[in-house]
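Report on one structure; see the data block that follows.
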Protein chains: 2
Amino acid sequence: MTALPDLPEPPDLPDLPEPPADAELLRLDRQICFSLNAASRAFGGVYRVLLKDLGLTYPQYLVMLVLWEHGDLPVKRIGEYLRLDSGTLSPLLKRLEAAGLVRRERSPEDERSVTVSLTDEGSALRERAGRVPRRLLAATGLPVEELAALRALLDQVTLALDTAVPGLAAED
Amino acid sequence: MTALPDLPEPPDLPDLPEPPADAELLRLDRQICFSLNAASRAFGGVYRVLLKDLGLTYPQYLVMLVLWEHGDLPVKRIGEYLRLDSGTLSPLLKRLEAAGLVRRERSPEDERSVTVSLTDEGSALRERAGRVPRRLLAATGLPVEELAALRALLDQVTLALDTAVPGLAAED
DNA sequence: CGCAATTCAATTGCGCACAACTCAATCGCG
DNA sequence: CGCGATTGAGTTGTGCGCAATTGAATTGCG
């Protein structure tokens with residue numbers, strides 16, 4: 001992974017009383033999306049290392065977490081928990097099945113639905129994954145309370161963004 | 001985009017004085033990575049809408065932001081600013097070049113390096129992009145100060161994660 | 001100077017994200 | 001009941017992210 005660049009520091013960012021100019025906003029905007037992007041990928045990098053010997057990718061780990069917590073689920077439900085659609089989940093679940101961690105079977109009462117269930121091997125993996133969260137939390141260097149606060153803030157932003165999306169396209 | 005699922009709320013999360021069990025950590029871990037993932041993709045969704053009529057994707061927009069701010073840059077520098085390597089940037093820059101927004105030319109003084117520069121069209125796009133940041137910030141529903149705080153927290157975590165990565169693989 | 005090590009961009013291969021589409025199963029209304 | 005609309009999973013195509021490799025240019029050490 002490439003080293004951190006000297007993060008482009010803003011020359012200054014005084015709390016000016018007047019509305020900031022577009023140039024100012026462009027700068028802040030860049031910082032926000034940079035930071036979020038970077039943080040997301042930094043997490044991905046850590047998970048990649050931690051999950052390597054489990055043979056899981058980060059999104060696959062998320063799916064396994066959902067199954068460990070909720071048991072057998074149709075693809076639809078998994079997608080709701082993870083905000084993923086079938087275009088992403090179908091091939092991912094196929095790979096998990098090929099790895100022997102899950103089964104996929106058409107639901108008898110609704111032939112459209114596919115139920116995903118853990119194999120013994122998939123359930124057993126939960127034990128080996130037990131140490132991942134602690135190591136991840138340690139790697140963030142933040143106390144648990146701050147992480148919880150970060151999570152709350154992120155959820156708030158996500159909700160706001162989701163509700164804002166429909167209106168954006170139409171706007172002026 | 002699929003609707004927000006009823007976010008799997010933890011039954012409770014009391015501030016227990018004793019170290020939380022692995023199961024507890026597994027839950028928090030899931031929440032953190034869920035939230036960050038979700039936030040990142042929610043931002044992506046908003047940018048996708050906002051950038052649609054500019055003909056840019058979100059990562060392409062990030063590259064343009066860097067060029068608008070810093071002028072001509074070698075691929076290496078762009079990668080440092082954005083934490084991206086040539087495997088990502090090379091095809092992306094080719095697409096920007098095909099769109100007529102940038103030029104790519106071997107540097108005369110170092111034939112290994114490729115300098116990326118804005119075309120007139122690429123520079124002109126900056127004006128049309130001027131309204132994007134304001135609309136994005138509005139969509140987050142957060143005041144600028146909170147976003148700045150969020151950014152600072154994210155940068156802190158990113159730095160911690162980056163420095164932690166090298167040690168992780170070797171651990172116990 | 002000469003050659004090995006390094007640097008930079010590009011390429012390949014794999015997996016994920018998402019839009020757009022297909023297709024079968026199910027639902028629901030007349 | 002019959003038929004159009006909806007639902008759920010899968011497929012296709014495009015683009016990103018990253019590891020690993022290639023190949024050319026440059027650097028630097030003996």
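Conditions (1) surrounded by 14 or more Cβ atoms within 10 Å (Cβ to Cβ); (2) within 16 Å of DNA strand D (Cβ to nearest atom); (3) at the interface with another protein chain (Cβ under 7 Å from one of its Cβ atoms), marked per residue:
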site	(1), (2), (3)
B:Arg103	yes, no, no
B:Arg106	no, yes, no
B:Glu109	no, yes, no
B:Ser113	yes, yes, no
B:Pro133	yes, no, yes
B:Leu136	yes, no, yes
B:Pro143	no, no, no
B:Glu146	yes, no, no
### Message
Suppose we filter the range B:67-93 for residues that are farther than 16 Å from B:Ser113 by Cβ, among the aliphatic types (A, V, I, L, M) and within 14 Å of the chain's Cα centre (by Cα); how many remain?
### Response
2
### Message
Based on this model, can you work out whether B:Pro59 counts as facing another protein chain (nearest Cβ under 10 Å) and surrounded by 14 or more Cβ atoms within 10 Å (Cβ to Cβ)?
### Response
yes
### Task
Determine, yes or no, whether A:Asp155 is at negative phi, acidic (Asp, Glu) and under 18 Å from the mean Cα position of the chain (by Cα).
yes
### Message
For the structure I just gave you, tell me whether B:Arg77 is away from chain A (no Cβ under 14 Å), surrounded by 12 or more Cβ atoms within 10 Å (Cβ to Cβ) and more than 9 Å from DNA strand D (Cβ to nearest atom).
### Response
no
### Query
For B:Leu67, all conditions in the list (1) within 24 Å of B:Phe43 (Cα to Cα); (2) within 9 Å of DNA strand C (Cβ to nearest atom); (3) touching a residue at least 24 places away in the same chain (Cβ under 8 Å); (4) touching a Ser or Thr at 6+ places or on another chain (Cβ under 9 Å) hold save one; what is the number of the exception?
(2)
### Message
Please go through (1) more than 12 Å from DNA strand D (Cβ to nearest atom); (2) within 20 Å of the chain's Cα centre (by Cα); (3) within 11 Å of chain A (Cβ to nearest Cβ) for B:Glu127 and return the number of the only condition it doesn't satisfy.
### Response
(2)
### Query
Is it the case that some residue within the range B:149-158 is touching a strand residue (DSSP E or B) at 6+ places or on another chain (Cβ under 9 Å), in a helix (DSSP H, G or I) and of a type in the set (Gly, Ala, Ser)?
no
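Within the range B:71-78, can one find any residue that is within 23 Å of B:Phe43 (Cβ to Cβ) and in a helix (DSSP H, G or I)? Talk me through it step by step, then tell me what you get.
Applying the first criterion (within 23 Å of B:Phe43 (Cβ to Cβ)) to the range B:71-78 yields B:78.
This time we only want the ones that are in a helix (DSSP H, G or I), so: B:78.
Taking every residue of the range B:71-78 in turn, at least one turns out to be within 23 Å of B:Phe43 (Cβ to Cβ) and in a helix (DSSP H, G or I).
No lab work stands behind these numbers, since they all come straight from the coordinates. Note that the structure is a prediction, hence the values are computed from the model and not measured. Counting neighbours? That spans all protein chains shown, and the Cβs are built from the backbone with ideal geometry, glycine included.
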